[in-house]
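Q: One structure, pasted below without further comment.
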Amino acid sequence: MKLFYKGLITLILLMLIAACGDSESADEGTNNSDNSESNYSENVGYTITGIEPGAGITVTTEKAIEEYDNLSGWTLETSSTAAMVTALEEAISNEEPIVVTGWNPHWKFAKFPDLKYLDDPKGIYGEAENIQTLAKSGLQDEKPNAYKLLDQFEWDVEDMEEIMYESQETGESIDEVATRWVEDNRDKVDAWLEGVEDVDGVEVELASTPWDSERASSSVLKLAMEEKGFNVTVTPVDVAAVFEAVGSGDVDATAAAWLPFTHADFYENVKDNVEDLGPNLEGAKIGLVVPEYMDIESIEDLEPAE
Ligand code: PBE
């Protein structure tokens, strides 16, 4: 009998310990996820790590901070794309939280495969985004062969990312890698040149932005145009200046317009004075990007600053 009671008491004790253990770990679990969500926001100092002040994604992120109530009190810290990538790299190596402005095509998704876009239920960053070619009004009459080639220029996200990533990994310039890409992708390049007549040094000026994505597109476009005898200058300026230059006719065209969302405000100012030649790349994307290990999925999971 005594033994039976002893056994029973031990069993009850064991069950109690187990139950305590359970509830403790359950509590911990809840506390953790509660804390970690608010901690993410607090830990990042209610700050989004952005890029250049003049970028389209900077304007769009300012809009997002205004539109999402839960981003009240947040700031967008602008500096440069290189500084953003360094901050991202550091956070990832320490498994610390970080919220950055991110986009595709870009090599960061190949280099850091565990990144994710936060859902954007208000659609501030838009959905299907393209990179489009815009020509100055009257280009078709003035330089019909340049116009035709620009109009036929199109490629895929993978093409652009291949050049960007290879340049990043090997340290070769975008121009060097682009030259090889043009040699290796004759079919695509020949399709851009189809029906375009040879010219004798016709000057063409393209405005472009200083990001690798646009360095890559301007570079392959310049090489393709040079094959037909054009004398091409690529002028990298900030986004506002790209749109002004095409709108005023100071340059012939740009292949660097992210539409319909990222550069919407810039486009709006000049849309009556430019000709939209349509997408040269479909499937671009911008948004707020975080490492996978952050246990949040949506912009709305971020917490307002108190
Ligand atoms: N970007 C890359 C640019 C355009 C190209 C998305 C950083 C921007 O204007 O936001």
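The values are calculated or read from the model by the stated rules, or taken from the named source; none is laboratory data. Given the structure is predicted, the values throughout are model-derived calculations rather than measurements. So basically every Cβ, Gly included, is an ideal-geometry build from the backbone, and we count neighbours across all protein chains shown. SASA here: full protein model, heavy atoms, side chains in, ligands and nucleic acids out. Shrake-Rupley method; radii C 1.70, N 1.55, O 1.52, S 1.80 Å.
Q: In the range 153-170, which residue that is more than 16 Å from Arg180 (Cβ to Cβ) and open to solvent by less than 50 Å² (accessible area, probe 1.4 Å) is modelled with the highest pLDDT? Write out each step before concluding.
A: Pass one, the range 153-170, residues more than 16 Å from Arg180 (Cβ to Cβ): 153-154, 156-157.
Those left that are additionally open to solvent by less than 50 Å² (accessible area, probe 1.4 Å): 153, 157.
Numbers: Phe153: 98, Val157: 95.
Selected residue: Phe153.
Q: Could I ask something else about it? Which of the residues spanning the range 207-237 are more than 12 Å from the ligand (Cβ to nearest atom), outside any helix (DSSP H, G or I) and in contact (Cβ under 8 Å) with a residue 40 or more places away in the chain?
A: Those that are more than 12 Å from the ligand (Cβ to nearest atom), outside any helix (DSSP H, G or I) and in contact (Cβ under 8 Å) with a residue 40 or more places away in the chain: Ala207, Lys228, Phe230.
Q: Still on this structure, I have one more. Taking Ala64, is it open to solvent by less than 20 Å² (accessible area, probe 1.4 Å) and within 18 Å of the chain's Cα centre (by Cα)? Give the steps one after another, and end with the answer.
A: On the way: open to solvent by less than 20 Å² (accessible area, probe 1.4 Å): yes; within 18 Å of the chain's Cα centre (by Cα): yes.
Against the criterion (open to solvent by less than 20 Å² (accessible area, probe 1.4 Å) and within 18 Å of the chain's Cα centre (by Cα)), Ala64 qualifies.
Q: With respect to the numbered conditions (1) in contact with a Gly (Cβ under 7 Å, 6 or more places away or on another chain); (2) under 21 Å from Asn145 (Cα atoms), which one is the sole condition not fulfilled by Ala256?
A: Result: Ala256 fails condition (1) only.
Q: Separate question: Restricting the first residue to the range 69-82 and requiring it to be without any contact (Cβ under 8 Å) to a residue 40 or more places away in the chain, which pairs with a second residue that is in a helix (DSSP H, G or I) and open to solvent by less than 60 Å² (accessible area, probe 1.4 Å) meet a Cβ separation below 6 Å and a spacing of at least six or different chains?
A: Leu76/Thr61; Thr78/Thr58
Q: Next question. Return the total of residues in the range 248-297 being within 27 Å of Thr233 (Cβ to Cβ), open to solvent by less than 20 Å² (accessible area, probe 1.4 Å) and within 16 Å of the ligand (Cβ to nearest atom).
A: 12
Q: Would you kindly identify the helices (runs of 4 or more DSSP H) lying entirely within the range 54-161 that contain at least 2 residues that are within 16 Å of the ligand (Cβ to nearest atom)? Step through it out loud before you land on a result.
A: Details: elements: 56-67, 81-93, 108-111, 139-142, 144-152.
Result: 56-67, 81-93, 108-111.
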